Amino acid sequence: FADSKELHGLRYCRLRGKENVREQALLTAACQNMKKIALHLSRVR
């Protein structure tokens, strides 16, 4: 969570409401996972 907060913009939410904050957090987590997958695939090849 600290990585998300500091490096991916979760320190401050851009939207209001629990549902919107939840969506922002899920999208941030999805992006982090895609970055990890891309890094892993680039190392495997």
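None of the figures in this text is laboratory data; all of them are computed from the coordinates on show. Please read these numbers as outputs of a predicted model, since none were measured by experiment. Neighbour counts run over all protein chains shown; Cβ positions are idealised from the backbone, glycine included.
For region 14-41, the tally of residues that are assigned to a loop (DSSP other than H, G, I, E, B) and within 18 Å of D3 (Cα to Cα) stands at 1. Look at region 10-21: where a residue is of a type in the set (D, E, K, R) and a partner is surrounded by 10 or more Cβ atoms within 10 Å (Cβ to Cβ), sitting 6+ places away or on another chain with Cβ atoms under 8 Å, you get R11/K5; R14/Q24.
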